[in-house]
Amino acid sequence: MQMESTELIWLDEQHEISMTELIELSGFTQEELLHLLEIGALSANNSTETDFLPSELRFSSHCLISIRTLSRLKSDFELEQNALGLMLVFLERIRLLELQVQGLESAK
Amino acid sequence: MKFKDYYEVLGVARSATIDEIKKAYRKLAHQYHPDVSKDPAGEAKFKEVGEAYATLKDAEKRAAYDELGRHPAGEEFKPPPNWAGNQGGQEYSFDETDFADLFAGFTKGRQNSQQQGRNRPIPGQDYELATNITLEDAYAGITVDLNFIVPEHDQQGQIKRVPHNIKARIPMGVTNGQKMLLRGKGGKGFHGGPDGNLYLNISFSPHKLFRVVDHDLFIDLPLTPWEAALGATVEVPTLAGAVHLKVPARTSGGQKLRISKRGMPKNNLADKTEHGDLFAVTQIVSPTTLSEKERELLQALAISSTFNPRTHFN
């Protein structure tokens, strides 16, 4: 068996990924991701800049956690496009609440 | 390989319509989907349900499955030689094939024949692994060995279970629950398709002294009643060695005393190392036994003290 060695990429608020990487890693198309951006369910770090091309958008890498869950749910439950934005908002809210609960329990 | 009764898994009759199969799948998916269910066995159950649905919802796969005939679930099983003829005419040994892979292989064979040698690139599958590290390892960084077995297509398109061993360096500054990505370390792509990715979920083993919240650490600090009342300097362990902490006079139980920059490192941008804080949570502990002298002193204190911690009851 061959031993491989590799470095890890952080999925957190500090590290960024490009639109191309998000498409590749999430399984969503650019059109679907732009729809999520348009309705405010997803935010890009540089979306407030003017005159940017969709391909130039950059995202915090932590968004991949909820986006991948969304992608699984979309595929496994055959979800419709309109439900995805709402679900992403709830997934992110649940993720943050779980972190908050974990923090409160540990700090007791 | 062991036979799986996909109809039994979904709880439907062999004559079920596609709508009945879909309905049964959706019900079970709501019950067991790992992103929805809190059932620890849910993930394994959902995998089985998903596998059954992926086969039975596809008319051609279902026909191939039905062709295998009826067998008791769990029975040792090998597809008949002529069944391989469905797979684009390739000769399959099935020796290292799992039942779950059988129909993925079937699809591969069908795709190959349909494409008439066009060899469409197929991306490798993504996988998720969980690894548990100690707080000390998270503090200093650690290289972990990740061992896992994944199905991969060989040169002939047949699926084999291939063991992988990857060394991954988890840098200092990782947090409990942190997710990381190892690009290209998932399943192998086929016909020039990109390799899949490996997602690593990192969690910390419970520590005997410290609790961790993000980059901050918490430790219970037991104090005697007289240390709490009079103040004291006490030794407190940290992950970088013990420090002396000045406990102020009139400290109550449950107070959090901050020891600056003695928490977990935040060095995830690699330019400079910052640390979270360590919080010592005070606990006032009475002695379990008292000497005669101690008893006398405490009785004298009880007589002369006017302190009442229950004034708010009145």
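Key figures
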| quantity | calculated |
| --- | --- |
| All positions within the range B:159-176 that are more than 7 Å from chain A (Cβ to nearest Cβ), more than 23 Å from B:Ile122 (Cα to Cα) and of a type outside the set (Val, Ile, Thr) | B:Pro171, B:Met172, B:Gly173, B:Asn176 |
| Hits in the range B:228-255 - residues which are more than 34 Å from the chain's Cα centre (by Cα), small (Gly, Ala, Ser) and either open to solvent by 60 Å² or more (accessible area, probe 1.4 Å) or over 30 Å from B:Thr175 (Cβ atoms) (or both) | B:Ala228, B:Ala229, B:Gly231, B:Ala232, B:Ala249, B:Ser252 |
| Residue match in the range B:27-42 (condition: more than 12 Å from chain A (Cβ to nearest Cβ) and of a type in the set (Lys, Arg)) | no |
| Options A:Ser75, A:Ser66, A:Ser61; residue that is within 11 Å of chain B (Cβ to nearest Cβ), touching a strand residue (DSSP E or B) at 6+ places or on another chain (Cβ under 7 Å) and among the hydroxyl-bearing types (Ser, Thr, Tyr) | A:Ser61 |
| Of residues in the range A:9-58 being open to solvent by 80 Å² or more (accessible area, probe 1.4 Å), of a type outside the set (D, E, K, R) and at pLDDT below 90, the one farthest from B:Gly177 (Cα to Cα) | A:Thr50 |
| Filter pass, B:Asn197 being modelled with pLDDT of 85 or more, open to solvent by less than 20 Å² (accessible area, probe 1.4 Å), of a type outside the set (A, V, I, L, M, F, W, C) and over 16 Å from B:Gly263 (Cα atoms) | yes |
| Residue within the range A:55-62 that is under 26 Å from B:Pro194 (Cβ atoms) and of a type in the set (Phe, Trp, Tyr) present | yes |
| Some residue of the range B:211-227 being under 28 Å from B:Gly173 (Cα atoms), basic (Lys, Arg), modelled with pLDDT under 95 and open to solvent by 20 Å² or more (accessible area, probe 1.4 Å) | yes |
| B:Lys188 vs. criteria surrounded by 14 or more Cβ atoms within 10 Å (Cβ to Cβ), within 30 Å of B:Ile166 (Cβ to Cβ) and either in contact with a helix residue (DSSP H, G or I) (Cβ under 9 Å, 6 or more places away or on another chain) or not assigned by TED's automatic domain parsing to the domain that holds B:Pro171 (or both) | no |
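Results for (1) under 20 Å from the mean Cα position of the chain (by Cα); (2) closer than 19 Å to A:Leu70 by Cα; (3) in contact (Cβ under 8 Å) with a residue 40 or more places away in the chain, shown as yes or no for each residue.
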residue: B:Lys22; (1), (2), (3): no, no, no
residue: B:Tyr25; (1), (2), (3): no, yes, no
residue: B:Leu28; (1), (2), (3): no, yes, no
residue: B:His33; (1), (2), (3): yes, yes, no
residue: B:Asp39; (1), (2), (3): yes, no, no
residue: B:Thr55; (1), (2), (3): no, no, yes
residue: B:Tyr65; (1), (2), (3): no, no, yes
residue: B:Pro72; (1), (2), (3): no, no, yes
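Okay, residues lined up against (1) out of contact with any Asp or Glu (no Cβ under 7 Å at 6 or more places or on another chain); (2) under 30 Å from B:Gln299 (Cα atoms); (3) within 11 Å of chain A (Cβ to nearest Cβ):
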residue: B:Met180; (1), (2), (3): yes, no, yes
residue: B:Gly192; (1), (2), (3): yes, no, no
residue: B:Tyr199; (1), (2), (3): no, no, yes
residue: B:Pro206; (1), (2), (3): yes, no, yes
residue: B:Val212; (1), (2), (3): yes, no, yes
residue: B:Thr224; (1), (2), (3): yes, yes, no
residue: B:Ala228; (1), (2), (3): yes, yes, no
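The values are calculated or read from the model by the stated rules, or taken from the named source; none is laboratory data. Please read these numbers as outputs of a predicted model, since none were measured by experiment. Methodologically, a virtual Cβ is constructed for each residue, glycine included, from the backbone with ideal geometry; neighbour enumeration extends over all protein chains shown. Accessible surface is based on the protein model in full, side chains and every heavy atom, while ligands, DNA and RNA are left aside. Shrake-Rupley method; radii C 1.70, N 1.55, O 1.52, S 1.80 Å.
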